[in-house]
Amino acid sequence: MKKVIVTGGLGFIGSNLIKLLLKKNYFVINIDKISYSSNIYNTREFKKNKNYKFIKLDINNKKIFNILKKIKPSGIFNLAAETHVDRSIDTPINFMKSNIMGTFNLLESFRKFYQIYSKTKLIHISTDEVYGDVLSGRSSENYKYKPSSPYAASKASSDHLVSSYVKTFKIPAVITNCSNNYGPCQHPEKLIPKLIYNILNNRELPIYGSGRNSREWIYVMDHCQGLLKVFLNGKIGEFYNIGSNKNLNNLQITSCLLNIARKHIKVGAKVKIKFVKDRPGHDLRYALNSNKIKADLRWSSKTKILEGLNKTFLWYYNNQRYFDNFKKKDITKRLGDN
């Protein structure tokens with residue numbers, strides 16, 4: 001049985017990826033430092049699985065090398081990162097520590113590990129936000145990096161670090177850039193779970209600016225399937241965009257969720273859109289060209305947006321205890337960020 005490590009596995013994408021990997025009969029080691037965005041609830045379905053192990057550790061810790069040497073994983077999926085744009089504006093230093101220095105320490109550990117165990121591969125998971133505003137067309141893997149927020153800049157920096165280690169130290173690594181994920185287990189500081197929480201709790205729906213900011217949306221399990229494809233068949237040193245080719249702006253997402261909610265619950269009178277002051281440097285549009293992964297690895301997203309949103313709404317509706325795992329202020333005081 002192949003062993004793989006998922007860093008940041010208590011988070012949104014990481015926990016969904018672990019679920020997929022366990023189904024595919026991998027032994028999965030979850031390394032997570034347990035930060036505000038980590039949630040034990042996300043792993044409740046498989047925490048007693050004999051093929052799952054959790055290690056509490058920051059990827060900035062030098063012990064990472066010893067863990068690699070002991071476990072000898074055939075792959076590492078690096079999802080350990082700070083991801084909330086608003087938080088990166090409030091406290092950029094946390095993003096520099098986690099996303100840049102954390103990746104650097106992981107790379108150094110992996111570089112030494114690869115010298116003694118060559119049957120391994122690193123998949124570094126990044127974001128479409130590194131490309132910045134894409135006002136027309138779609139950004140391919142050759143598109144210029146032009147990050148707008150401290151978050152996006154920290155992820156761009158980590159991508160460059162990984163790429164440089166491939167070229168200089170010949171480590172086996174691949175970089176992926178994905179569009180906006182949605183689905184079960186996402187922190188309610190993000191747009192879609194924030195809207196669902198407010199709908200379920202008869203609260204106003206805060207929307208930045210005019211609500212015209214457009215994002216490409218992908219259901220999280222589709223993304224995870226793409227990551228597994230990259231792990232199995234991706235070419236070392238390459239970048240792969242993973243997207244759905246489906247863009248909706250914030251008003252459209254809100255309208256879809258309200259329509260879905262009305263099919264399942266009685267929506268309260270206070271559930272109305274409230275436009276709020278836009279955040280600094282808010283990009284208008286992200287859009288990926290994912291032709292490369294479709295052609296080279298025969299992957300494409302499967303979940304239609306309305307199907308995915310319906311699944312997502314029902315998951316939060318049926319798992320309202322999930323919200324109890326967060327500080328109330330992290331749900332009610334922060335705007336939904338996309």
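For the chain, the antiparallel share of DSSP beta bridges with both residues in that region comes to about 10%. Candidates TYR41, ALA156, ASN142 compared by Cα position along the dipole of the chain: farthest toward the positive end lies TYR41, with charges placed on Cβ.
Listed by Cβ neighbour count within 10 Å, with the fewest neighbours leading, ILE59, ILE67 appear as ILE67, ILE59. Taking 0.36 nm per residue of sequence separation and removing the Cα-Cα distance, the ILE89/LEU251 pair yields an extension gain of 56.0 nm.
Scanning residues 5 or more positions from ASN181 or on other chains, those with amide H under 5 Å from its amide H are ILE218, with H placed 1.01 Å from N in the peptide plane. In the chain, excluding the sites themselves, the longest stretch lacking any of the chymotrypsin sites (Phe, Trp or Tyr not before Pro) that are in a DSSP loop with at most 15 other Cβ atoms within 10 Å is 118-338. Efficiency by 1/(1 + (r/R0)^6): what FRET value for ILE116 and LYS329, r their Cβ-Cβ distance, R0 = 56 Å, to the nearest 0.05? According to the calculation, E is roughly 0.75.
Could you pull out which residues in the stretch 180-211 have an amide N less than 17 Å from a spot 7 Å beyond the Cα of ARG44, following the Cα-Cβ vector? Output list for this probe position: 184-188, 197.
Each Lys and Arg adds +1 at its Cβ and each Asp and Glu adds -1 at its Cβ; summed about the Cα centre, the chain shows a dipole of about 1100 debye.
Step through the table entries LYS3/LYS70; LYS23/LYS155; LYS121/LYS302; LYS2/LYS119; LYS3/LYS294, compare each Cα-Cα distance with 18 Å, and write down the pairs that go over it. Could the numbers behind the result be given before it?
Numbers: LYS3/LYS70 11 Å; LYS23/LYS155 29 Å; LYS121/LYS302 26 Å; LYS2/LYS119 11 Å; LYS3/LYS294 27 Å.
Correct reply: LYS23/LYS155; LYS121/LYS302; LYS3/LYS294.
When each of LEU205, LEU232 is scored by the number of other beta-carbon atoms lying within 10 Å, the sequence from fewest to most is LEU232, LEU205. Residues whose amide H lies under 5 Å from that of GLU82, counting only those 5 or more places away or on a different chain, are ASN99; hydrogens are built 1.01 Å from N in the peptide plane. Counting every other Cβ atom within 10 Å of each residue's Cβ, ASP90, ASP296 order from fewest to most as ASP90, ASP296. Between ASN249, LEU200, ILE31, the Cα set farthest toward the positive side of the dipole of the chain (charges on each charged residue's Cβ, about the Cα centre) is that of ILE31. Dividing the mean sequence gap of close Cα pairs (under 8 Å, 6+ apart) by how many residues the stretch 196-338 holds gives a relative contact order of 40 percent.
Mind checking the full-extension length gain between LYS266 and MET101? Use 0.36 nm per residue of separation minus the Cα-Cα distance, one decimal, nm. Can you show the working numbers first?
Working: separation 165, 0.36 × 165 = 59.40 nm, distance 4.73 nm.
Result: 54.7 nm gained on full extension.
What FRET efficiency comes out for the pair ARG279/THR168, r = Cβ-Cβ distance, R0 = 45 Å, nearest 0.05? Numbers along the way, then the final one.
Numbers: r = 37 Å, r/R0 = 0.82.
Rounded to the nearest 0.05, the efficiency is 0.75.
Summarising the amide proton neighbourhood of SER214: residues at separation of 5 or more, or on other chains, whose placed amide H is nearer than 5 Å comprise ARG285, TYR286. Annotation: for a label point projected 7 angstrom from Cα along Cα→Cβ of ASP296, residues of the stretch 138-159 with backbone N closer than 15 Å are 140-143. A simple spin-label model places the labels of LYS72 and SER136 5.6 nm from each other, with each point 7 Å out along Cα-to-Cβ. Quick one: helix 305-318 against the long Cα principal axis of the chain, what's the angle to the nearest 10°, folded into 0 to 90? Approximately 80 degrees, to the nearest ten. Of all aspartates and glutamates in the structure, the ones whose alpha carbon falls short of 16 Å from that of LYS277, not counting any fewer than 8 places away in one chain, are ASP86, ASP90, GLU204, ASP337. Residues in the stretch 219-234 carry Karplus couplings, in order, of 5, 4, 6, 4, 4, 4, 4, x, 5, 5, 4, 5, 4, 6, 10, x Hz; the curve used is 6.51 cos²θ - 1.76 cosθ + 1.60 with θ = phi - 60°, and Gly or Pro positions show x. Placing a pseudo-label 7 Å from each Cα along the Cα-to-Cβ vector at TYR36 and ASN202 gives an inter-label distance of 2.9 nm.
Each reported figure results from applying straightforward, stated rules to the coordinates on display, with no laboratory input. Remember, predicted model here, so these are calculated numbers, not experimental data. So basically every Cβ, Gly included, is an ideal-geometry build from the backbone, and we count neighbours across all protein chains shown.
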